[in-house]
1. Can you tell me which of Ala267, Ala224 is under 23 Å from Trp47 (Cα atoms), buried (at least 19 other Cβ atoms within 10 Å of the Cβ) and aliphatic (A, V, I, L, M)?
2. Limited to region 54-83, what total is found for residues that are touching a helix residue (DSSP H, G or I) at 6+ places or on another chain (Cβ under 7 Å) and not in a loop (DSSP other than H, G, I, E, B)?
3. Tell me, please, whether a residue that is within 17 Å of the chain's Cα centre (by Cα), assigned to a helix (DSSP H, G or I) and buried (at least 21 other Cβ atoms within 10 Å of the Cβ) can be found in region 139-160.
4. Of a type in the set (A, V, I, L, M), more than 22 Å from the chain's Cα centre (by Cα) and within 30 Å of Gln122 (Cβ to Cβ): which single residue out of Ala205, Ala168, Ala223 fits that description?
5. What number goes with the only condition from (1) touching a His at 6+ places or on another chain (Cβ under 8 Å); (2) more than 24 Å from Gly293 (Cβ to Cβ) that Gly172 does not pass?
6. For region 78-92, does any single residue satisfy the condition of being at pLDDT 95 or above and either under 14 Å from Pro242 (Cα atoms) or among the acidic types (Asp, Glu) (or both)?
7. Sort out which residues of region 296-312 are in contact with a His (Cβ under 7 Å, 6 or more places away or on another chain) and polar (S, T, N, Q), and write them in order of number.
Amino acid sequence: MCRTLRCYSVYMLASLFALATLFIGANASAKKIKLKVCTVAPPGTPWEQQTKGIKKHIRKDSGGVIKMKVYWGGAKGGEQECLKKVIASDLHMYGGTLSAMNFHIPEFEVFDLPFLWDSTEQVDYVLDNHATPLVRKIMAKGDLTFYQWAENGWQSVGNNGKFTKSPADFTGVPIRVQPSVIHPLTWKTIGATPVPLDIPDVVDALSSKKVTAFGQTPLYTFAANWQPHITHYTLTKHVYQPATIIYSKKFFDTLSPDLQKACLAHAQKDAEEGRAGVRQLESQLIENFKSYGIKVYELTPAEKKVFQKKGKEVRKAFEAQATSSAKQLLKVIDKGQAAFKK
């Protein structure tokens, strides 16, 4: 019988080694899972860096059982097509804007209301501390499992021919909009001619002058190579567009509790790093517009106020036909904004 401290320590180390060997052996013999990810985000962007971090976490935390395969740049279709495949569990993870979910989850139209937010800090506070629980619940009803926030950022207006400093400047302008309720409503209210187009169709539409303007972030504008088709970029910052990374609930529910835990770990830290990666490039990208010969203009407070009035019209029209759960989500956002301290 082992009666000494040294002997007992050796015994414990041997036991721990045996358990570790058993765990490694179990993972080594476990069936490997290929986690197929769909996104329209191009490689070589902060979104790729965020995804690489997730890929590393999941592989490590699952003991090598789960390996991610990412299809970049719309390789599996536009945002809505990707999402439909994720809902059906033909693909297993989606990274992209909430706007793309509007056809499936109408409540998320709320996030694209123009001039909804006052600052980036306000956005972070409300999403992280108020909106997430309800967003998670709504997604679960739509066969999706929320993982973490990502970011597209503040959208402004790229245009071919002039700045768009007032609603009058949009009269008759064919502007590309995301297929949804809010985006066409917004630009019709402002006075433009909205043309709904999925991401893969935008370059051809710009080239053919089917559209001559778009609302998009500087980062995505360059990532998608839309900048050769514009001469002016007006910093309207009319929409802050959150993005999200989600799982197919059908896929997620097939995983063991340990693997589910591995697939949800590090969410907040990764979200914060992803946001930082996008934000630190914004000023540089705005300067890059100038290197392409694109003129840049930032709205004055007075000019922005005129657009904000239009934004209130859009919200009123949206709320008149919104679902009760969409109104609930908007109330949660309003409550979070009221609680936010600058």
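The values are calculated or read from the model by the stated rules, or taken from the named source; none is laboratory data. Remember, it's a predicted structure, so these values are computed and weren't measured experimentally. Here the Cβ positions follow ideal geometry from the backbone for every residue, glycine too, while neighbour counts run over all protein chains shown. These accessible areas exclude ligands, DNA and RNA; they are computed on the full protein's heavy atoms, side chains included. Shrake-Rupley method; radii C 1.70, N 1.55, O 1.52, S 1.80 Å.
1. Details: Ala267 fails: buried (at least 19 other Cβ atoms within 10 Å of the Cβ).
Just a single option satisfies the conditions, and that option is Ala224.
2. Looking only at region 54-83, we keep the residues that are touching a helix residue (DSSP H, G or I) at 6+ places or on another chain (Cβ under 7 Å), and these are 54, 58, 61-68, 70, 74, 76, 78-80, 83.
Then drop every residue that is not not in a loop (DSSP other than H, G, I, E, B), which leaves 54, 58, 61, 66-68, 70, 79-80, 83.
Residues that pass the stated criteria total 10.
3. Yes, that holds for at least one residue.
4. Values: Ala205 fails: within 30 Å of Gln122 (Cβ to Cβ); Ala223 fails: more than 22 Å from the chain's Cα centre (by Cα).
Only one candidate qualifies: Ala168.
5. (1)
6. Yes, region 78-92 contains a residue that is at pLDDT 95 or above and either under 14 Å from Pro242 (Cα atoms) or among the acidic types (Asp, Glu) (or both).
7. none
Yes or no, residue by residue, for (1) farther than 23 Å from Gly77 by Cα; (2) at pLDDT 95 or above:
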site	(1), (2)
Thr171	yes, yes
Pro174	yes, yes
Gln178	no, no
Thr186	yes, yes
Gly191	yes, yes
Val195	no, yes
Val202	no, yes
Ala205	no, yes
Gly215	no, yes
